Amino acid sequence: MPSWARQKFENHGFSIAKNEVPGYSVVFKNGLNNDIDQNSSATVWTAGGLYPWSALDTPQTIYVVSTSASDTGSVTIDGLDENWNRLQEEVDFNGLTAGSSVNTFRRVNEITYDNGVEGNAGIITARTGSSTGTVVGHIEIGFSQSLQLVYTVPLGYTGFILHQDHGVQKGEDAQFRSFVREGGVGRFRIGHIAEVYQNNYSIHFPIYPSFPEKTDLDFRVSLVETNNTRAFSNLCLALVETNRLRR
């Protein structure tokens, strides 16, 4: 991020958070994995295991369904369309009966549930292909939103990580690995590693790491010593329209 852009962000952070500065926005991501076992590597998301990026190699219709008939209303899918542009769509569903998106999604960054009350009674999932397809969005019971620390930078934007933190519960330890894949294809590379023991690790970057459009970010946990280890991660990301950085 150029020095003038960094200064603008720091001086006008509150205005940016209120969407009052054209071309600048902030993304807050939260991740949780309640069940990580020894000798495994898992994305920080409530569905468990590694995030299935390959399910979104091509744009997909997204199906939303719950494990409880009590969950009725809509889920808002926040992701990217077939051309990597930002896309939001509200999908209506009826508990065990799935609803499907009108648009196709190349990425699903987050899903949120709204039926006018607090919390969801069942596990709500967003799936590719059908109501029994691959899970790409997951809302644990009672949370009303996905807790998945994966994100893809939209077309026309550059992403800057401002802050990230990771932690595990008392008596446990883990290694957190931040993976990066530019262009949305090929192999991931490690961008950052941190280890914690019954505590949390937090870093505010003095110089913001930057990521171009179509970069996939995947935050994972490895090297836990006890089965059923709980881990969490949080991320604060600035999105800036790339053409504004070139002025």
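List the residues whose amide H sits under 5 Å from the amide H of residue 51, counting only those 5 or more places along or on another chain, with H placed 1.01 Å from N in the peptide plane.
43
What residues have an amide H closer than 5 Å to that of residue 73, excluding those fewer than 5 places away on the same chain, when H is modeled at 1.01 Å from N in the peptide plane?
93, 95
Let me check against my output: what whole-number percent is the relative contact order of segment 53-139, with C-alpha pairs under 8 Å and at least 6 apart? Each step should come with its number before you reach the end.
On the way: 224 pairs, mean separation 32.3, N = 87.
Over segment 53-139, the number comes to 37 percent.
Kindly identify segment 118-222 as rounded, prolate or oblate by the Cα gyration tensor criterion: order the square roots of the eigenvalues as a ≥ b ≥ c, call it rounded if a/c is under 1.5, otherwise compare a/b with b/c, prolate if a/b is larger, else oblate.
Note, shape of segment 118-222 comes out oblate.
Pick out, from 133, 53, 64, the residue whose Cα sits farthest towards the positive end of the charge dipole of the chain, with +1 on the Cβ of Lys and Arg and -1 on the Cβ of Asp and Glu.
53
In whole percent, what relative contact order does the chain give with Cα contacts below 8 Å and a gap of six or more residues?
Relative contact order here is 26 percent.
Does the chain classify as rounded, prolate or oblate by the C-alpha gyration tensor (a ≥ b ≥ c root eigenvalues; a/c under 1.5 gives rounded; else a/b over b/c gives prolate, otherwise oblate)?
The shape class here is oblate.
Where does the chain land at 222 nm, in deg cm²/dmol rounded to the nearest 500, when only DSSP H runs of n ≥ 4 count, each adding -39500 (n - 2.57), divided by all residues?
Numbers: 3 runs with 18 residues, N = 247.
Computed ellipticity for the chain at 222 nm equals -1500 deg cm²/dmol.
Along the positive direction of the dipole of the chain (beta-carbon charges: Lys, Arg +1; Asp, Glu -1; about the Cα centre), which of 215, 146, 232 reaches farthest?
With unit charges placed on the Cβ atoms, the residue in question is 215.
With +1 on the Cβ of every Lys and Arg and -1 on the Cβ of every Asp and Glu, and nothing else charged, how large is the dipole of segment 199-243 about its Cα centre, in debye rounded to the nearest 20?
Details: 3 positive and 5 negative charges, 32 e Å.
For this selection, approximately 160 debye.
How much length is gained on full extension from residue 37 to residue 83, taking 0.36 nm per residue of separation minus their Cα-Cα distance? Could the numbers behind the result be given before it?
Numbers: separation 46, 0.36 × 46 = 16.56 nm, distance 3.69 nm.
Additional length available on full extension: 12.9 nm.
Among 24, 63, 151, which one moves the most in a GNM of the chain with springs linking Cα atoms closer than 10 Å?
24
Sorted by average packing, counted as other Cβ atoms within 10 angstrom per residue and highest first, what order do 226-234, 105-113 take? Mind showing how you got there, number by number?
Values: 226-234: 18.6, 105-113: 22.8.
Result, highest mean first: 105-113, 226-234.
Laboratory data are not the source of any read-out in this text; all were calculated from the coordinates shown. Since we're looking at a predicted model, the values are computed, not measured. We place every Cβ from the backbone using ideal geometry, glycine too, and count neighbours over all the protein chains shown.
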